[in-house]
1. Taking all pairs of distinct Cα atoms, average 1/r, flip it, and tell me the Kirkwood hydrodynamic radius of the chain in Å to one decimal place.
2. Count charges around Leu199 for me, please; just the other residues with Cβ under 12 Å from its Cβ, Lys/Arg as +1, Asp/Glu as -1.
3. Taking all pairs of different Cα atoms in segment 3-235, averaging 1/r and flipping that mean, what Kirkwood radius in angstroms comes out?
4. Using the Cα centre of the chain as origin and beta-carbon charges of +1 (Lys, Arg) and -1 (Asp, Glu), tell me which of Asn472, Pro38, Ser482 is placed farthest towards the positive end of the dipole.
5. Taking Lys111 as the anchor, which aspartates and glutamates have their alpha carbon closer than 12 Å to its alpha carbon, excluding any fewer than eight residues away along the same chain?
6. For Ser225 and Asn455 in the same chain, what is the full-extension length gain: residue separation times 0.36 nm, less their Cα-Cα distance, in nm?
7. Where does the charge balance sit around Ile446 when Lys and Arg score +1, Asp and Glu -1, over other residues with C-beta under 9 Å from its C-beta?
8. Round to the nearest 0.05 the FRET efficiency obtained for Asn391 and Asn191 when R0 = 25 Å and r is the Cβ-Cβ distance.
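Every number here is computed from the coordinates shown, using simple stated rules; none is lab data. Just so it is clear, the structure is predicted and the values come from calculations on it, not from any experiment. Every residue, glycine as well, gets a Cβ built from its backbone with ideal geometry; the counts of neighbours run over all protein chains shown.
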Amino acid sequence: MKNYLSIDQGTTSSRSIIFNSNLEKQIDSQLEYKLDYPDDGWVELRPDDVVNTVKKTIANVLDNFNGSIEACGITNQRETTIVWSRDTGEPIYPGIVWQDRRTNEYCQELKSNGYEKKVSEKTGLVLDPYFSATKVKWILDNVEGAKERAQKGELAFGTVDSYLIFKLTKEKNHLTDVTNASRTMLFNIHNKEWDQELLDIFEIPNSMLPEVLFCDGDYGTIVHSDKKIPIRGVIGDQQGALVGQDCYEYGDMKSTYGTGCFLMVNTKDEAVKSDQGLLTTIAYGLNGNVSYALEGSIYSSGNIIQWLRDKMKFFDDAKESEKYINASGNSNNVLFLPAFNGLGAPFWDSNIRAGFKGITQDTSINDIVTAAFHSIAFQTKEITKVLETNNININKLLVDGGMVANESFCQMLADTLQKNIKRPANVESTALGACKVAMMASGENISEIKSNSSNFEPNKSLENIYSINYNNWKEYINKNLSKS
């Protein structure tokens, strides 16, 4: 029985897990870190916090595990942008997180200059601050001397996976994989190469970019004490969840509920284009072949519950939120607009901000919490409706991520969508996906491994009340969209 190290670097925490060849968890360690919010719509992290929490969790599992490690897989938050000195490895500015909206005005300028169609055709993405390209451009324009240093080849850019590989490997490799590259808005997903025309548009020197490998490539070696562990798998977190949930066939679909929510459906060899706000992206690159996916990206999901816990002080632990959800499906006419940093798919509105409607003296904490959870389920319904208009039928939805440990929320999803919801026994599918990629790269056959799951069936008696609540919520959203 072989063992594998899986590193899951998320938006607010880093986690290291050792799985065996049967994908059974042997030991794990997780550490949180804080994000910074220096201005309206700005979200930053400290790269040292990311690296240090990853190193500490790696040490925590390796120092307390007696077996050998065959290989390592890394999965990570995507789009988050770090620019660092090639010489010292030190970042020249904090990491700009995927949620950050500071480049919205620049994106609007690019749209008005007619670049949106070109960007979409090459990358499958929309022209939005969410992606890495405009974040790199902002750093080069706003950090003193950065543009000149970049032109001299002194600076490196990468998403979090690239920075971790650079900082963790003895080879100091500057690499990324096709899934993370496909989220930068600089990578042509059709020819699988960095696109010079896009680099020229965003004024980013080619010398800053990492080399792109398939997910099951050779990324270098982690050395810890007497252990030398090859990194044999790298995959973006949402694509990692797709692999973790065994979504290898056309139409296989999963939805991950972490800080944000990301619904992704495998479209295999076909890069399906959506005109209704969904993204075309690379699902994975394995065994020399690339598969594509359609994705709906929701900015606010688990961070809503975190806000209710940390800022509103409604409960001390996220697990306690479950008891505040009204089982009847009613929120006493309270509606929540989940837009701390704008709205993602299919609205793509950077200017809109969060709010409540319908609060009266009769409103309870239960109503507010229920409305907040409703907003997550309703956003999911928005995306599934768009998929259905693209002739992608949904019979069941595979869910994962920290939020789906909440059984009341899973039932709410089933009742809202009127679809079966399937939850795996191990809801951390992103880490499983990274492990599976490393296993495949090491020559293991994972097709025989089966995992247990729970099934949530829709309550038909609540279909009407959820439909009414959804329609009221959609009307509230449409009235507040800045584009309307």
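1. Values: mean 1/r = 0.0442 Å⁻¹.
This gives a value of 22.6 Å.
2. Numbers: positive: Lys122, Lys137; negative: Glu193, Asp195, Glu197, Asp200, Glu203.
Local net charge: -3.
3. Values: mean 1/r = 0.0550 Å⁻¹.
Result for segment 3-235 stands at 18.2 Å.
4. Working it through, the farthest residue towards the positive pole turns out to be Asn472.
5. Those aspartates and glutamates meeting the cut-off are Asp128.
6. Working: separation 230, 0.36 × 230 = 82.80 nm, distance 4.34 nm.
Extending this stretch completely gives an extra 78.5 nm.
7. Values: positive: Lys436; negative: Asp246, Glu444, Glu448.
Local net charge: -2.
8. On the way: r = 27 Å, r/R0 = 1.07.
Once rounded, the FRET efficiency stands at 0.40.
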